[in-house]
1. Give me the residue from the range 31-54 that is in a helix (DSSP H, G or I) and surrounded by 14 or more Cβ atoms within 10 Å (Cβ to Cβ) and, out of that set, modelled with the lowest pLDDT.
2. Among the residues of the range 402-433 satisfying the criterion of being surrounded by 18 or more Cβ atoms within 10 Å (Cβ to Cβ) and of a type in the set (D, E, K, R), which is farthest from K489 (Cα to Cα)?
3. Would you check if E405 is over 30 Å from D87 (Cα atoms), modelled with pLDDT of 95 or more and either in contact with a strand residue (DSSP E or B) (Cβ under 9 Å, 6 or more places away or on another chain) or not basic (K, R) (or both)?
4. Does the range 81-99 hold any residues that are in contact (Cβ under 8 Å) with a residue 24 or more places away in the chain and β-branched (V, I, T), and which are they?
5. Given E81, E66, E28, which one is charged (D, E, K, R) and assigned to a loop (DSSP other than H, G, I, E, B)?
6. How do the pairs read when you match residues in the range 227-242 that are surrounded by 24 or more Cβ atoms within 10 Å (Cβ to Cβ) with residues anywhere that are hydrophobic (A, V, I, L, M, F, W, C) and in a loop (DSSP other than H, G, I, E, B), using Cβ under 8 Å and keeping only pairs 6 or more apart or on different chains?
7. With at pLDDT 85 or above and either out of contact with any Lys or Arg (no Cβ under 7 Å at 6 or more places or on another chain) or part of a loop (DSSP other than H, G, I, E, B) (or both) as the only criterion, which of S57, S61 stands out?
8. Within the range 476-488, which residues are in a helix (DSSP H, G or I) and more than 13 Å from L396 (Cβ to Cβ)?
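The values are calculated or read from the model by the stated rules, or taken from the named source; none is laboratory data. Because the structure is predicted, anything quoted here is derived from the model rather than measured. Don't worry about glycine lacking a Cβ; one is built from the backbone with ideal geometry, like all the others, and counts go over all protein chains shown.
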Amino acid sequence: MQISAVSKKINEWSGSVLIAGILEGTIENQINLFKTIIKDTFLSKRFNDSKFEGKKSQKLSIELVEGKIQKIIFVGLGKAETLRIDDLRKATSIGARQVSGYERKLGIFFPWDAFDPSSAACAVGEAVRLSSIKDFRFKSESKEPTPIDEVELIGFLDTKTTNSAIAELHPICEGVKFARELVSAPPNFLTPYQMAKEAKKLATDYDLDLKILDKKECEQQGMGAYLAVAKGSDLEPNFIHLKYSPKTATNKVVLIGKGLTFDSGGYNLKVGASQIEKMKYDMGGSASVLGTARAIAELKPSNTEVHFIVAACENMINGSALHPGDIIKASNGKTIEVNNTDAEGRLTLADALVYACKLNPDAIVDLATLTGACVIALGDEIAGLWTDNDQLSEQLTKAADKAGEGIWRMPMQDSYKSGIKSSIADLQNTGPRQGGSITAALFLKEFVKESIPWAHIDIAGTCWTEKDRDINPKGATGYGVRMLVNWIKELSLNSH
């Protein structure tokens, strides 16, 4: 899909299908404009009959018999005074879902002048690309429609600057697509070994450094928490460490993704509403991190060295599996009483965080489908952010907002730490039911050096959707890739 900004006026454009954004209260003006483009004497009646007023998320699709354009999809943008870039994203995805896939050339016409042109163009370009992704890999017969060849964003003045910004969309969208495909893959396909193979392919294709620690090497590192989780599976764990190295680097950051390729819950088996059949997406954090690696490796930002870490394994049950009540030791020497084998992600992250600290980075960010409590608190559109570092919080929030990815900073309430104290070990891996996502973050904090800025992002609600939502078709969302890419790009720019 080729996306470009063009300076053509709307009445000069020709193509298969046009998406037109309509502001509420401008219907008459828009009807007069489009009457100069299409031969449809009943245009006013069509708007009236459908009660289309330009309100947010309203849509009206009109098939055309004559003229250059075969179809126009009008999408409401709401009132001009409340218009945001995110409204353009949503309108684009609504319109794109009305495109059959057989139309070859798509035009998009929005009130661009309300925003920075490059920002608006990139948001819309991302939306049309990401909302049209379909995954047919595991169907016996591919029914994938022919993709749109060309998308033109109509009515830009400075096309050179805008198209320069649009050029970065391909690697970013491919990173999101890669993340979605990892999460969507069934657990009998995406095993810890297969995830390591995917990392190897990234390293080969994009010239990244790669280190994969096997079980023995993890034992030598003292990763008792991570390996305890992996004990119940017949499949060996794979500790993945990718590195992107620019020619010169003044920053070093580490991204860590929770990598449970399947989570049965262990002996605290997932039952009932816990939806064990969906636990293939418990590696959503690692998918976001590897998707970011895919994008960053092609974008090649300067000045920032980026490490991508995944402690991949399964949480299963056999005679060797972790018991409720076991005491295990993490690689920083802290002992953990396991009072719930279904709170396994934080155990794998504990050793990954200790490993990351040894790299002496300027910041560490982990992403994890960690707690159901976060889903209860924030729903399926907003991820939770925990950090003691105000600057890092501000940077990540800004990066998420730019991507249109919901995020909300949550409290790190130190007094809640008493909930994860153990009478016979240093810590226990879960606290009381109340504030469960906070105590999970406080548990992770025990494995991070105080001198290193660190943030934990709980994506349990945002990595998967049960409905077509904005730019995310039903299924894996690839949440976090665009946020992390924005953050790293901004770090690189500010370090000049």
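1. L43
2. Per the criteria, the residue is E405.
3. When the stated conditions are applied, E405 does not pass them.
4. I85, T92, I94, V99
5. E66
6. Once the first residue is surrounded by 24 or more Cβ atoms within 10 Å (Cβ to Cβ) and sits in the range 227-242, its partners that are hydrophobic (A, V, I, L, M, F, W, C) and in a loop (DSSP other than H, G, I, E, B) give A228/L322; A228/V338; V229/L322; F239/M223; L242/L208.
7. Among S57, S61, only S57 is at pLDDT 85 or above and either out of contact with any Lys or Arg (no Cβ under 7 Å at 6 or more places or on another chain) or part of a loop (DSSP other than H, G, I, E, B) (or both).
8. Answer for the range 476-488, where residues must be in a helix (DSSP H, G or I) and more than 13 Å from L396 (Cβ to Cβ): just V481.
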